[in-house]
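Chemist: The structure under discussion is supplied below as structure tokens; questions concerning it will follow.
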Amino acid sequence: YYIFRRAQTNALDIDVTGLDISANYQFDTAVGQFNIGGSVTQFLRFMQAYGGGAKYSIINSVGINSTFPSIARQARLNAGWVMGDYSLNVYMNNVGGHKNWGGGTINPLILDTNGNVSGGGDYVQSWTTFDLHGSWNFSHEGMLGDSEVYIDANNIFNEAPPFFNNSSGYDSFGANPLGRVLSLGIRARW
């Protein structure tokens with residue numbers, strides 16, 4: 001008799017390489033300070049093996065494992081303006097198109113000679129959303145210190161997530177079903 005405790009083993013061996021790129025540029029003008037920038041993650045390789053088995057590529061797919069998504073590109077770009085106590089920022093978010101290699105695919109998965117997925121599955125469209133952040137800072141109002149009133153709008157165009165054939169209809173690694181979310185708030189700082 002023996003007890004096998006999976007929590008003390010590595011079920012997956014992964015080998016990942018990629019690029020994380022971030023840049024930001026600010027410049028002053030007569031009508032305020034502007035900034036542009038963003039960050040991008042781009043996987044170049046995403047190999048996986050089960051418990052010492054043969055490694056195979058799962059780059060740009062979702063569904064083979066439920067822990068590590070391997071969507072090849074995810075990006076967030078921004079442009080902003082600040083003048084005195086006022087600021088406005090716009091963000092563009094993008095999750096690149098990828099393959100659904102999960103259990104609910106319409107197009108059958110293709111297996112290699114080791115029984116690992118090597119192709120097939122369903123294509124999931126890329127998803128691009130825009131966010132907005134505007135604020136008014138009370139820094140010149142004396143006793144209110146550096147407090148601010150702000151408005152945030154996430155997914156301002158109410159872009160639905162791309163279809164992903166599973167029970168929820170969307171890919172939780174690359175999208176969410178919330179749609180447009182508006183927030184109005186106060187940040188108090190003294």
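Chemist: Considering only protein heavy atoms and a probe of 1.4 Å, how much of the accessible area of the chain is carbon and sulfur, as a whole percent?
Modeler: Ligands and nucleic acids excluded, carbon and sulfur give 57 percent.
Chemist: Quick one: longest stretch of the chain between exposed loop trypsin sites (Lys or Arg not before Pro), exposed meaning at most 13 other C-beta atoms within 10 Å and loop per DSSP?
Modeler: No qualifying site falls inside 6-179, the longest such stretch.
Chemist: So, one more: Can you give the Kirkwood hydrodynamic radius for the chain, in Å, rounded to one decimal and based on Cα pairs?
Modeler: 19.9
Chemist: Sum up the charges of everything whose Cβ sits under 11 Å from the Cβ of H98, counting Lys and Arg as +1 and Asp and Glu as -1, but leave H98 out.
Modeler: 0
Chemist: For the stretch 99-112, take each phi angle, set θ = phi - 60°, evaluate the Karplus expression 6.51 cos²θ - 1.76 cosθ + 1.60, and give the result in whole Hz per residue in order, putting x for glycine and proline.
Modeler: Result, rounded to whole Hz: 9, 8, 10, x, x, x, 5, 7, 7, x, 6, 9, 9, 7.
Chemist: Next up: Let me know the Kirkwood hydrodynamic radius for the stretch 1-111, please, with Cα pairs as the basis and the value in Å to one decimal.
Modeler: 17.5
Chemist: Probe of 1.4 angstrom, ligands and nucleic acids ignored: what's the accessible area per residue over the chain, in square angstrom?
Modeler: 63
Chemist: While we're on this one: According to the square roots a ≥ b ≥ c of the eigenvalues of the Cα gyration tensor, what is the shape class of the stretch 105-190, taking rounded for a/c under 1.5, prolate for a/b larger than b/c otherwise, and oblate for the remainder?
Modeler: Since a/c reaches 1.5 and a/b is larger than b/c, the shape of the stretch 105-190 is classed as prolate.
Chemist: Could you work out the relative contact order of the chain, using alpha carbon pairs under 8 angstrom and six or more residues apart, expressed as a whole percent?
Modeler: 15
The values are calculated or read from the model by the stated rules, or taken from the named source; none is laboratory data. All values derive from a computational prediction rather than experimental measurement. Note: ideal-geometry Cβ built from the backbone for every residue, glycine included; neighbour counts use all protein chains shown. Surface areas here come from the heavy atoms of the whole protein model, side chains and all, with no ligands, DNA or RNA. Shrake-Rupley method; radii C 1.70, N 1.55, O 1.52, S 1.80 Å.
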